[in-house]
Amino acid sequence: MRTYVNGKETAGLSSRHEAQVRLRGESSPVEAIVLSAEDADLRWARRRPVALILFGAIILLVLGVGVAGVAMSGGGGRDVRIALWVFALACIPAAAILLFNLRLRRRRWREGLVERVALAPPTGAKLVANETGLVVDHCAHPWDAFAVDAIWFIRVTGANDANSFFVERMLVRIDDRTILLDALMLDGGRRLVDAAYASMRERIRAALRVGRN
């Protein structure tokens, strides 16, 4: 089983890291609808401005505190004014790097979108995950019949270097058919992908350990 973390192939996950995989505890059944390439691209694009909004809010907050400091010092505070100018100038290359990074991510997303669409079920197909298996466009398959070929994780590092792993997508195989369960290609995808991972977690956990040996 191939394993990817933040887009890079890795040799599985350690038991400690697998225990840090965060899943939504949804009650069965969980339903999702396959999105078209256009709808998936639009949904992806809507998520990106959050980084710009957060960056702008931090800049405004720091500048606001600085202006308030100048005002409280009676219009003086030469050192504060210099610090504000330095901060404002430093924000220019930081913003440029952020925009470049967002453009790069968008280009990579669009380059991979063709493959995602090809591996996903047909647009508009309904997927239902329940305790016994996965229903793909009215065709039921038990969980035990699935083989997991690849998993993509997103790793987020928080305070004190604590890791959280989220399942972005899974490539599963049933008989001679390969199906991509992709949180970004499904309306309700996050819940369905988490439900699928939870239903096959013991087998996935064993495969991840084998990958590290």
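Assorted remarks:
- Tally, over the range 136-160, of residues that are of a type in the set (A, V, I, L, M) and in contact (Cβ under 8 Å) with a residue 40 or more places away in the chain: 5
- For the range 1-50, the strands (runs of 3 or more DSSP E) that sit wholly inside it and include 2 or more residues that are of a type in the set (Ser, Thr, Tyr) and farther than 14 Å from Asp187 by Cβ are 2-5.
- Of the residues making up the range 136-147, just one is of a type in the set (A, V, I, L, M) and farther than 23 Å from Met1 by Cα, namely Ala140.
- When the range 113-143 is filtered for residues that are small (Gly, Ala, Ser), in a loop (DSSP other than H, G, I, E, B) and within 23 Å of Ser27 (Cβ to Cβ), only Ala125 remains.
Here is a yes/no grid of residues against (1) of a type in the set (A, V, I, L, M, F, W, C); (2) in contact with a His (Cβ under 7 Å, 6 or more places away or on another chain):
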| residue | (1), (2) |
| --- | --- |
| Ala145 | yes, no |
| Trp152 | yes, no |
| Phe165 | yes, yes |
| Arg169 | no, no |
| Ala206 | yes, no |
| Arg209 | no, no |
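- Annotation note: of Arg108, Arg103, Arg190, the sole residue that is in a helix (DSSP H, G or I), more than 21 Å from Thr3 (Cβ to Cβ) and out of contact with any helix residue (DSSP H, G or I) (no Cβ under 7 Å at 6 or more places or on another chain) is Arg103.
- Answer from Arg106, Arg110, Arg190 - the residue that is surrounded by fewer than 16 Cβ atoms within 10 Å (Cβ to Cβ), more than 16 Å from Ser36 (Cα to Cα) and either modelled with pLDDT under 85 or not acidic (Asp, Glu) (or both): Arg106
The values are calculated or read from the model by the stated rules, or taken from the named source; none is laboratory data. On a predicted model such as this, the values are computed, not experimentally measured, just so you know. Heads up, the Cβs are rebuilt from the backbone with ideal geometry, glycines too, and the neighbour counts pull from every protein chain shown.
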